[in-house]
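The values are calculated or read from the model by the stated rules, or taken from the named source; none is laboratory data. Note that the structure is predicted; figures quoted are calculated from it, not measured. Backbone-built Cβ (ideal geometry, glycine too); neighbour counts: all protein chains shown.
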Amino acid sequence: MSTEDSRSPYKMAIKQLEKAAKYLPREREWLNAIEYLKHCQRSLIVSVPIKMDDGTVRVFKGYRVHHCDARGPTKGGVRFSKHVTLEEVKALAFWMTMKTAVVNLPYGGAKGGITVDPKHLSGNEVERLTRRYTYAIINMIGPMVDIPAPDVGTDSNIMAWMFDTYSIGTGITTHGVVTGKPVEIGGSLGREAATGTGLMYVIEALMEKLGINLSNQRIAIQGFGNVGSNCALQLHETHKPKIIAVSDINGGIINENGINIPDLVEHVNRAGTVVGFEGGINCTNEELLTCDCDILIPAAVEKQVTAEIAKEMKASILAEGANGPTTPEADEILKERGITVVPDILGNAGGVTVSYFEWVQGRDAYFWDLERINKELKKVMITAFDEVYKIATGKNVTMRVAAYIVGLKRLVKALMLRGLFP
Ligand code: NAD
């Protein structure tokens, strides 16, 4: 096993932080704040027992981690996956702190999850699991405390059960406790597609800076869940680039002439996977990551772009939809090879941005139309992109380092203003 495979995602995240911190002032209060940010504020591990449909009881392991609330209540998704570990949840919570700071939302970072493959449970079992988990972490969440949202393996139905369980548990119907809810019960228009839409806005802005026509680009996307499929659909509807390869956990498909994305979405709705789609030939995830394309969008899970992949990658732009898809070793190779990386903490911030709009709308009990949502989303994404791009070009650093500089400056300032209790 290589070092990068064995390294925990949290160690990987801290390495990213340390790399960017070198560009910040070296005074004691800055160093103190950076040290503070290397640690999560609190981590809860819970047992989640549920009665299965056959009458047996199974006990799952659940987590909720608050990384830092210096800039506001913590915010972050809930992941249901058999790969969930405390180290992964801590890393994802840390990236949420950085992300909310980069796009300047009044939030901190958190994350949660259960080690479970939800595909192996019935719908009723998933509901019982969600409700019991929510009850187990009820003291750690709340509209002014910590606000969960969907992530890998969770969706708006699961958010509806979390909202309901919290509201019953506290006796107060609380829209602001989770985001990514169905629109009928306080969800926001545009939230479902927001991460993919936000990533498209950032890619558009980058293309404009580089003087490249997005419509002429050949794009490959790893992961065809919420982020990957919505990004593909938005790109298809807006710019009609050639999306030549798409994959999921079961494998991928490739078509040099471009995949018909609406047809693929129909196929996935029927078959549950991109594999077997007739409008392309099968490929592996590794073949997708190294295929001959211009823009590669990882939208699955962490550590997919390893050093080996980075050496073989053909794309000149890596636009991160997933959290933590690129290892620090791969990052160095991409930099040496002159490949532009749109970092996760900027690229996929559209989801938390519309989650923020949902939280604001729920608290106001006044809901916006889709036009307003997308207009405001674009404003947030472009403002953050411009700030990051300016630092990257001005200091001659990667966009990842630049994004960390933007986020860290805001976080350090907040920590200094609040001071250290007691
Ligand atoms: P999802 O569960 O809807 O979809 C995940 C997709 O990735 C599926 O197609 C799955 O088959 C595929 N996948 C999983 N493991 C894989 C592997 N090892 N190799 C190839 N494909 C694999 O999840 P999502 O919400 O789309 O999240 C995807 C990524 O984006 C995650 O890193 C998540 O943290 C990040 N993210 C999600 C949001 C959001 O709003 N949902 C926001 C910001 C970031």
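Tell me, which residue of region 245-265 that is under 23 Å from the mean Cα position of the chain (by Cα) and in a strand (DSSP E or B) is surrounded by the most Cβ atoms within 10 Å (Cβ to Cβ)?
SER247
How many residues, within region 117-157, are within 13 Å of the ligand (Cβ to nearest atom) and either part of a helix (DSSP H, G or I) or buried (at least 19 other Cβ atoms within 10 Å of the Cβ) (or both)? Full working, then the answer.
Here is the first cut: in region 117-157, the ones within 13 Å of the ligand (Cβ to nearest atom) are 117-119, 148-157.
Pick out the ones that are also either part of a helix (DSSP H, G or I) or buried (at least 19 other Cβ atoms within 10 Å of the Cβ) (or both) and you get 118-119, 148-154, 156-157.
Residues meeting the conditions: 11.
Is there a residue being of a type in the set (Lys, Arg) and under 21 Å from TYR133 (Cβ atoms) anywhere in region 15-32?
no
ILE281: crowded, with 24+ Cβ neighbours inside 10 Å and not acidic (Asp, Glu), yes or no?
Values: crowded, with 24+ Cβ neighbours inside 10 Å: no; not acidic (Asp, Glu): yes.
Taking the combined requirement at face value, the residue does not satisfy it.
Look through GLY258, GLY280, GLY252 and report the one residue that is more than 13 Å from the ligand (Cβ to nearest atom), in contact with a Leu (Cβ under 9 Å, 6 or more places away or on another chain), touching a residue at least 12 places away in the same chain (Cβ under 8 Å) and not aliphatic (A, V, I, L, M). Working first, answer last.
Values: GLY258 fails: in contact with a Leu (Cβ under 9 Å, 6 or more places away or on another chain); GLY252 fails: more than 13 Å from the ligand (Cβ to nearest atom).
Answer to the check: GLY280.
Find the residue count for region 162-195, including only residues that are over 18 Å from ILE373 (Cα atoms), more than 16 Å from the ligand (Cβ to nearest atom) and surrounded by 23 or more Cβ atoms within 10 Å (Cβ to Cβ).
3
Can you tell me which residue within region 42-56, out of those that are outside any loop (DSSP other than H, G, I, E, B) and under 15 Å from HIS120 (Cα atoms), is farthest from the chain's Cα centre (by Cα)? Steps first, answer last, please.
Keep residues of region 42-56 that are outside any loop (DSSP other than H, G, I, E, B), which gives 42-51.
If we keep only those that are under 15 Å from HIS120 (Cα atoms) too, we end up with 50-51.
Numbers: ILE50: 28, LYS51: 31 Å.
Ranking the candidates gives LYS51 first.
One line per residue, one yes/no per condition, for (1) touching a helix residue (DSSP H, G or I) at 6+ places or on another chain (Cβ under 9 Å); (2) closer than 18 Å to GLN234 by Cα; (3) assigned to a helix (DSSP H, G or I):
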residue: CYS291; (1), (2), (3): no, no, no
residue: ILE297; (1), (2), (3): yes, yes, no
residue: LYS303; (1), (2), (3): yes, no, no
residue: LEU318; (1), (2), (3): yes, yes, no
residue: ASN323; (1), (2), (3): yes, no, no
residue: GLU329; (1), (2), (3): yes, no, yes
residue: ILE333; (1), (2), (3): yes, no, yes
residue: PHE367; (1), (2), (3): yes, no, no
residue: ASN374; (1), (2), (3): yes, yes, yes
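From the set of residues in region 284-314 that are closer than 18 Å to GLU256 by Cβ, more than 10 Å from the ligand (Cβ to nearest atom) and under 21 Å from the mean Cα position of the chain (by Cα), which is surrounded by the most Cβ atoms within 10 Å (Cβ to Cβ)?
It comes out as ILE297.
Which condition number does ASP331 fail, the rest of (1) buried (at least 20 other Cβ atoms within 10 Å of the Cβ); (2) within 12 Å of the ligand (Cβ to nearest atom) being met?
All conditions pass for ASP331, except number (2).
Test GLY77 against the stated conditions and say whether it is buried (at least 24 other Cβ atoms within 10 Å of the Cβ), at pLDDT 95 or above and not in a helix (DSSP H, G or I).
When the stated conditions are applied, GLY77 passes them.
Would a scan of region 246-261 turn up a residue that is assigned by TED's automatic domain parsing to the domain that holds GLN304, within 30 Å of VAL78 (Cα to Cα) and among the polar types (S, T, N, Q)?
In the first step, residues of region 246-261 are kept if they are assigned by TED's automatic domain parsing to the domain that holds GLN304; the result is 246-261.
If we keep only those that are within 30 Å of VAL78 (Cα to Cα) as well, we get 246-253, 261.
Filter again for among the polar types (S, T, N, Q), leaving 247, 250.
The answer is yes; a qualifying residue exists.
Quick check on my filter: what residues within region 196-231 are within 11 Å of the ligand (Cβ to nearest atom) and either in a helix (DSSP H, G or I) or over 16 Å from the mean Cα position of the chain (by Cα) (or both)?
Passing the criteria: GLY196, THR197, GLY198, LEU199, ASN226, VAL227, GLY228, SER229, ASN230, CYS231.
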